[in-house]
Amino acid sequence: MEYDEERDLRVSQLSFIGNILAGFTHEIKNYIAIIKESAGLMGDMIKLGKKSKNEPQEYLEIIHSIEEQIEKTNDLFRYLNRFSHRMDNELSTFNVNETMEELIALLTRAANQRKISIEKDFQKDILPMNNNPSMLQFLVFHFLEEKITKLDKNSRLIIKTESANGSTVIRIIPKGNLLDADKEKGYLPYEIQDKVVRQLGGNISQEKEETVIKIPITDI
Amino acid sequence: MAFTKVLLIDDEVEFASALAERLQLRNYDAKAVYNALEALNSIYSDKPDVVVLDLKIPGMDGLEILKTIKQFDPTIEVIILTGHGAVESVKEGLTSGAFEYIMKPVDIGELIAKIEQAKKRRDNK
């Protein structure tokens, strides 16, 4: 049977969006659970008559916790909204740091579960680029997920961005032991990876354990 | 009268501590722990009647914690707590000896009913 590159790319993209949404809904559910329990606790303190000298302070702490969770929920919705709108147009002018921030926000939970911290090392005055932001996120996501899966617990994963020689350079730098376990999760078939890189007009190289993605700033 | 000892294992500190306090207000001897090491220490030292276990906690697979609890004392009842549609993990948990499961966000009435059923089953063992 003939290899259908386009179909496989679409399937991988749907899987990518599914993964992002699953992580997002899981995180939101956790925030809602905390808000529900905190509100429930205040209700219980009133109904079941808990009395203590610190009562007003305790209420204030619970209210503060609820406000914090609402703020986190709001932030995550903002990232998801921005992420979703990346798909509005095939080509747009965007700030690569913002697209990476969205990915990090939506992947932090998965990384935390494996006790891996994701760190940003972004060039502050990075040049805006004109390309397909959604496709770029799709590509970077797979490398991040692969590293998160393969990295040993308590490791770090650094995402570095910079503008250099007319290109935007994204470096994915693992700091920790990379396990050689045969874990397929996060692996993007080479044919699809190659197609995406061609569409973005860039290239990928491996410098030891560091993955380097170079995408031209203006041309495709 | 001895209070039912409940151990909550969840890495969401605010969630688990609020839930523990809500159970304490209802006269349960409830305690919350937030990682695998604290969880195992508490199981060995406190010997809870019922454990409410989130399957996704850093440091150890929740199913491994469940199996360790059952090896230590098969009469300790475990209620799986899950905030996501991890149907396969929940199924595996139930076949590995978990008493029941409950979804986040938790309904306190439903959780208490399940804790009571679990305690009754432990007492009858």
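Only the coordinates and a few stated rules stand behind these numbers; no lab work does. Note that the structure is a prediction, hence the values are computed from the model and not measured. All Cβ positions, glycine included, derive from the backbone under ideal geometry; neighbour counts span all protein chains shown.
From largest to smallest, what semi-axes in whole angstrom does the protein assembly as shown give when each is the square root of 5 times an eigenvalue of its alpha carbon gyration tensor?
44, 23, 17
With 10 angstrom as the radius, rank B:34, B:44 by how many other C-beta atoms surround their C-beta, starting from the fewest.
Values: B:34 20, B:44 12.
Sorted ascending by nearby Cβ count, the order is B:44, B:34.
Taking R0 as 25 Å, what FRET efficiency do you get between residue B:125 and residue B:87 from their Cβ-Cβ distance, rounded to the nearest 0.05?
Working: r = 28 Å, r/R0 = 1.12.
Given R0 = 25 Å and the Cβ-Cβ separation, E is 0.35.
Where nothing but the Cβ of Lys and Arg (+1) and of Asp and Glu (-1) is charged, how large is the charge dipole of region A:92-216 around its Cα centre, in debye to the nearest 20?
Working: 18 positive and 18 negative charges, 57 e Å.
In debye, rounded to 20, region A:92-216 gives about 280.
Find how much the distance from residue A:115 to residue A:11 grows on full extension, using 0.36 nm per residue of separation minus their present alpha carbon separation; answer in nm with one decimal.
On the way: separation 104, 0.36 × 104 = 37.44 nm, distance 2.94 nm.
Extra length from residue A:115 to residue A:11 when fully extended: 34.5 nm.
Provide the percentage of antiparallel DSSP beta bridges, counting only those with both residues in region B:1-117; round to the nearest 5. Please list the in-between numbers first.
Details: 2 of 20 bridges.
For region B:1-117, the DSSP antiparallel bridge percentage is about 10.
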Shape parameters for region A:22-85, alpha-carbon atoms, Rg then Dmax in Å: 15.0, 50
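How large is the helix-only mean residue ellipticity at 222 nm for the protein assembly as shown, computed as the sum of -39500 (n - 2.57) over DSSP H runs with n ≥ 4, divided by its residue count, in deg cm²/dmol to the nearest 500? Write out the running numbers ahead of the final one.
Numbers: 10 runs with 181 residues, N = 345.
Per the formula, -18000 deg cm²/dmol.
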DSSP bridge pairs, the protein assembly as shown: antiparallel proportion in percent, nearest 5: 50
29 Å Cα-Cα threshold exceeded, pairs from A:150/B:47; A:195/B:56; B:5/B:104; A:72/A:124: A:150/B:47; A:195/B:56
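Which percent, to the nearest 5, of DSSP beta bridges fully inside region A:92-216 are antiparallel? Could the numbers behind the result be given before it?
Working: 24 of 30 bridges.
Bridges in region A:92-216 are about 80 percent antiparallel.
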Label point distance in nm, residue A:63-residue A:93, each placed 7 Å from Cα along Cα→Cβ: 4.6
Degrees, to the nearest 10: A:5-47 long Cα axis against longest axis of chain A: 10
